[in-house]
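The values are calculated or read from the model by the stated rules, or taken from the named source; none is laboratory data. Remember, predicted model here, so these are calculated numbers, not experimental data. Cβ placement follows ideal geometry from the backbone for every residue including glycine, while neighbour counts extend to all protein chains displayed. Calculation scope for accessible area: heavy atoms of the full protein, side chains included, ligands and nucleic acids excluded. Shrake-Rupley method; radii C 1.70, N 1.55, O 1.52, S 1.80 Å.
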Amino acid sequence: MASTQNAEEESGFPSKRLAIRHKVHYVGCRSHNFLPCVYKGCSERIGLQPVFKPCRHVGGVYSKLCMFRWKWNFFFKSEQIIKNKYHFLLLLLLIIIIHEAFTMESLLHLCRGKACALLPRSLSKACRRSHNCHPQASQCSTRVSSKPVTLTPLVSRLFQPSNLREGQDMGDMTCRSQRLMMQAGLIYSSNPGCFYYLPAALRSMEKLVRLIDEEMQAIGGQKVDMPALCGAELWKQSGRWELMGKEMFRLRDRHNAEYCLGPTHEEAVTDLLASQSTLSYKQLPLLLYQVTRKFRDEQKPKFGLLRGREFYMKDMYSFDISEEAALHTYRSVCHAYSRLFDRLGLRWVQVQAATGNIGGTLSHEFHLPADIGEDRLLMCGNCGFSANVETVEVDQTDCPHCHMIDLTESKGIELGHTFYLGTKYSKVFNATFVNAQNKPTVTEMGCFGLGVNRILAASIEVLSSEESIRWPGLLAPYQVCILPPKKGSKASEAINLAEDLAQSLGNSLPNLKGEVVLDDRTQLTIGKRLKDANMLGYPYVVVVGHKAMEEQPVFEVVCQHNGETMFLSKDALLHFLTGVETI
């Protein structure tokens, strides 16, 4: 008899006889675990039917709890069960201890969905009253919040592959920005002159586009989106189909109609405006702009994003009632460009430029001085004159403005270009408006371009060191990176504190919502992760170390842009990060 009892106890499937001997009912499952039923004292076998249901085992935690059922007549015959209905709460507490992966909310939901359904109507009503398991409460508890929950990004989950390793052949990557962006997993080469923009780089690009939107819309710009596939007829009508030469991607459709992948959209936007025959002078100036991909068949793409075959560009087109008004618009756009580059913290220069195949009578370029720049710039230290060498006579050595022999030459990366077009395109496409005398008049035009991905790459080129990326403050993919201590170290208890800090920064500081990333690779030392954070260029790195475990927690804050290190309390840290500007 004893051997039978021991076998039953070891099997995990207790018989009715063993359950009644101990005056405790058991629920068995196929994983050799069982839960004791707290309804003690039921020594009679009235209607007891234990049900052994198979359980899925996921990560050592049961995905479903083993529930047991009784015949309905058991409840009608046993008044003691009704008296001990509050023992159900004890069962919940026991389940919480054994299955710690379940939250209280999920347990209560399971209670409502499983236990209340199994109880007879009379008992289930009492159970619902005692446990607040009424349908309305159930609906409220499962209702999805209308506000999205922002989760803290984890470095271990970011798709940011390192494409180059130390000591690997750099090939023809002769510029710093391309090498650093490849090493950091920001871009990946698809084919010559074309790149994948990976998540971190795309976040920076989107921030730059938002910044551009702010400045363009501040001067009255309206955003549109024009087709990348442009018909050849428009380009032939303007005379640029042949003028563009081999740099333009051309193709034919199945009907043998000719098209091109637009490198720019002067023809398309002017044709759009010409279709509006009722345009009034009261609607001008009209500034339409877009941020789209452009295509150019570069003979030799190089320098990563600085010179490619596929690139992002902001191109704006203005329409005015007169030359005077058009020049006023021209100056306002130039001022907007100046504000944009100032907000990025870049040392830029505006130079006189040639109009090239775009045309017009006035043009300026905005450059970022850099050794790898492909444009040669002349600047006068006396009067401030600056120009692209293309606009200056070959043998000229003195400044054309002050005539002082004080010209210096440097190289620059072109970031933007502005053109006053006059009526070059509007006459061809008959883009007119109705003036104050109710007569049709040809519009005066301007066009203004910004190389979006070129601004991003050029900023990294001039601001970064050979080992580490430095972003313009507004364009960093994430503003703050939090480093928890290494797992197993003396300060490992502060890991949870680091996770709470990351969450609280995003929730308590509106400017940092979505701007905090947690480096959860706690198998690595803080030194290794700090090196990675320095290379990726997070503006602020918060190290949660042993000082964070003191009675008054202190956090180490590393400012990447100036290399300064500070030790701040949580309140001081929040106050400090409140001043971080984001876009």
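At a glance:
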| read-out | value |
| --- | --- |
| With all protein chains modelled, accessible area of His546 [1.4 Å, Å²] | 120 Å² |
| Region 176-463 - convex hull of the alpha-carbon atoms, volume per residue in Å³ | 146 Å³ |
| Under 5 Å, built H, 5+ apart or other chain: amide partners of Ser280 | Val434 |
| Percentage relative contact order, region 478-579, counting C-alpha pairs under 8 Å, at least six apart | 30 percent |
| Peptide ranges 183-193, 381-391 listed from the most packed, as the mean C-beta count within 10 angstrom indicates | 183-193, 381-391 |
| Accessible area in the full protein assembly, largest first, 1.4 Å probe, for Trp348, Trp235 | Trp348, Trp235 |
| Protection proxy ranking of 355-364, 424-433 - average other beta-carbon atoms within 10 Å, highest first | 424-433, 355-364 |
| Heavy atoms of Cys260: accessible area, 1.4 Å probe, square angstrom to 10 | 0 Å² |
| Backbone N under 18 Å from the Glu323 label point (7 Å along Cα→Cβ), restricted to region 416-451 | 419-428, 441-447 |
| Cα-based radius of gyration of region 478-579 once divided by 2.2 N^0.38 Å, which approximates compact folds | 0.97 |
| Estimated FRET transfer efficiency when R0 is 56 angstrom, pair Ser190-His403 (beta carbons, to 0.05) | 0.65 |
| Separation of the Asp395 and Lys246 label points, Cα + 7 Å toward Cβ, nm | 3.4 nm |
| Förster radius 45 Å - calculated FRET efficiency between Cys559 and Thr174 (Cβ-Cβ, nearest 0.05) | 0.90 |
| Kirkwood Rh in Å, taken over region 306-381 so that all alpha-carbon pairs contribute | 14.7 Å |
| Area accessible to solvent at Val349, 1.4 Å probe radius, in Å² | 20 Å² |
| Region 317-450, relative contact order [Cα under 8 Å, separation at least 6], % | 30 percent |
| Taking region 525-583 and dividing mean pair separation by its residue count, relative contact order in percent (alpha carbons under 8 Å, at least six apart) | 23 percent |
| Accessible surface of region 238-317 [probe 1.4 Å, protein heavy atoms]: carbon and sulfur percent | 47 percent |
| Selection from Leu378, Thr423, Val351 lying farthest towards where the dipole of region 349-423 points positive, charges on Cβ | Thr423 |
| Whole-angstrom gap from region 497-576 to region 200-220, using each part's C-alpha centre | 27 Å |
| Paramagnetic reach from Val434 in region 278-307 [backbone N under 18 Å; point 7 Å along Cα→Cβ] | 278-286 |
| Debye, to nearest 20: dipole size of region 478-579, +1 on Lys, Arg Cβ, -1 on Asp, Glu Cβ | 340 debye |
